[in-house]
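Below is one structure, written out as structure tokens; comments come after it.
The values are calculated or read from the model by the stated rules, or taken from the named source; none is laboratory data. The shown structure was predicted, so the numbers you read here are calculated from the model rather than taken from an experiment. Quick reminder, even Gly has a Cβ in these numbers, built from the backbone with ideal geometry, and neighbours come from all protein chains shown. Just so you know, the surface numbers come from the protein's heavy atoms only, side chains and all, with ligands and any DNA or RNA stripped out. Shrake-Rupley method; radii C 1.70, N 1.55, O 1.52, S 1.80 Å.
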Amino acid sequence: MRKKTLIAGAAVATAIALTLGGCSMGAGSNKKSGDSSGSDNKDKSITVWAMKGDYTDKTLAAINDAFTKKTGAKVKLQIQPWDNITTKVTTALASSTPPDIIDMGNTQVAGFAASGGLMDLTSLKGEMSGGKTWVKGLEDPATIDGKLYGIPAFAAARAVIYNKKVWSDAGITEVPKNWDEFTADLDKIQEKNKGNADFVPFYLPGQYWYSALQFIWDAGGDVAENNGGTWKATTSSDASVKGMDQWKAFQNKYSSKASQTVDTVSPSMDQLLADGKTGAILSNSASIPAAKEANKELKDSDLGTFAMPGQSGKNQKSMVAGSDWAIAAKSQNAKLAQEWVKIAASDEIQQNWVFKNDGWLPNSVEGLDQAMKSSDFPEVQKGFFDAAKDSKSTPASPNWATVEGDKSINEFTQNVATGSMSTKEAAQKFDKHLDEVLAKKG
């Protein structure tokens, strides 16, 4: 697997609103999904913007070759850096000749769709999916008020990554099947290493809000809900508070006190795992090569993965990152753009290129199962694939990016982890801010 940098929460809403104007879903588009208007028959080419570090050159070439063979049209491929991408995409979508197809982080779609920059692809869902069940963490954030504005491209799910030697030294030889077995294993690891002040059984930083969301979802709660097109904060609901209390208890018991006020970067979770200073972390597949880079002696066989168990009796819903393919509302080549995206989402591309060549998770549950049956499936990836089968993402509000950008959600989880506020008080404070952010109009 290649190391990836996933940009799942760019601050898009404000810039888009200023440039495109209007906040109604799909506003500004005169085309409906499947519309053949535009110059598809005149300009036998399309422009595709792909983000640097997402698909490899070989995978993009495979899609382009299949597209040209089927349609006779050419592809003008432009690889875009992440720096300043929000402004660049916003400006492009507002122009009369935008790129036909744009690679977007899964949580970026809502902001651009809300201001009318993206084509409504709802009626094409069956055709694009081939009847398969897309990974929810990719599909849901691209679905706004029941309309689909992005086609899942690839996923990166979060799962438990553990050091096999640390676990075997504690007498653990099998992956836990449920929450009770999971915590019993961590107790054994904690006991085995009780004389090591630098070691924690499960490193979980207090600002790691991705992990907190998984506990909230497992308890039946959420941070916000959409009622009739209006988003309302729900972090202080009974179910959400229960989930956060469970997260706090887990974090306080199995991680360090020092970790309660930090994020995942400083210190690096991957480094701690590589150094043997923790028995496990919760992360996506990018942490595997990162840990191996940090410790050259570490091999895939030294690490294992499994989906994070939940206290609900099921695995927690995995917080998924990844990308979707979106088509510009003003595309001059709508039909050709739809054909290209359909090819990119197909089994052939997803299995042989997105998974086998690039190392990403395929975009559907069926695709995950198919990949896991392949003879060369890397065992260390199993946990990510299992976790992705039941996944979720952040609320599909065009304003959600503001919450990530202003770090208010980091402050919320830190307040809970440290106990500086009660869980209920911290949730109510966060909900007040969240309601203000979600209520803002373009």
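Annotations for the structure displayed:
- Residue check for S240: modelled with pLDDT of 95 or more, among the polar types (S, T, N, Q) and closer than 22 Å to A156 by Cβ: no
- The set of residues in the stretch 49-74 being among the β-branched types (V, I, T) and either assigned to a helix (DSSP H, G or I) or touching a strand residue (DSSP E or B) at 6+ places or on another chain (Cβ under 6 Å) (or both) consists of T59, I63, T68, T71.
- When T107, T133 are screened for being at pLDDT below 95 and hydroxyl-bearing (S, T, Y), only T107 passes.
- Meets criteria (assigned to a helix (DSSP H, G or I) and open to solvent by 10 Å² or more (accessible area, probe 1.4 Å)) for I288: no
- Pairs where the first residue, in the stretch 410-421, is at negative phi and the second is surrounded by fewer than 19 Cβ atoms within 10 Å (Cβ to Cβ) and of a type outside the set (G, A, S), C-beta under 6 Å, 6+ apart: Q414/T261; N415/M421
- Those residues of the stretch 176-191 which are open to solvent by 60 Å² or more (accessible area, probe 1.4 Å) and not in a helix (DSSP H, G or I), in sequence order: K177, N178
- Checking each residue in the stretch 54-89 for being surrounded by 20 or more Cβ atoms within 10 Å (Cβ to Cβ), at pLDDT 95 or above and hydroxyl-bearing (S, T, Y) picks out Y55, T59.
- Criterion: surrounded by fewer than 18 Cβ atoms within 10 Å (Cβ to Cβ), of a type in the set (G, A, S) and more than 20 Å from the chain's Cα centre (by Cα) - qualifying residue of A258, A280: A258
- Sole exception among (1) under 21 Å from A396 (Cβ atoms); (2) modelled with pLDDT of 95 or more; (3) among the hydroxyl-bearing types (S, T, Y) for T47, by number: (1)
- Just one of the listed residues (L282, L368, L336) is in contact (Cβ under 8 Å) with a residue 12 or more places away in the chain and touching a Gly at 6+ places or on another chain (Cβ under 9 Å), namely L336.
- Filter result for A110 (aliphatic (A, V, I, L, M) and either open to solvent by 10 Å² or more (accessible area, probe 1.4 Å) or closer than 13 Å to V341 by Cβ (or both)): no
- Number of residues in the stretch 195-220 that are touching a residue at least 60 places away in the same chain (Cβ under 8 Å) and either open to solvent by 10 Å² or more (accessible area, probe 1.4 Å) or in a loop (DSSP other than H, G, I, E, B) (or both): the value is 17.
- From the options N193, N163, residue that is over 17 Å from D270 (Cα atoms) and not aliphatic (A, V, I, L, M): N193
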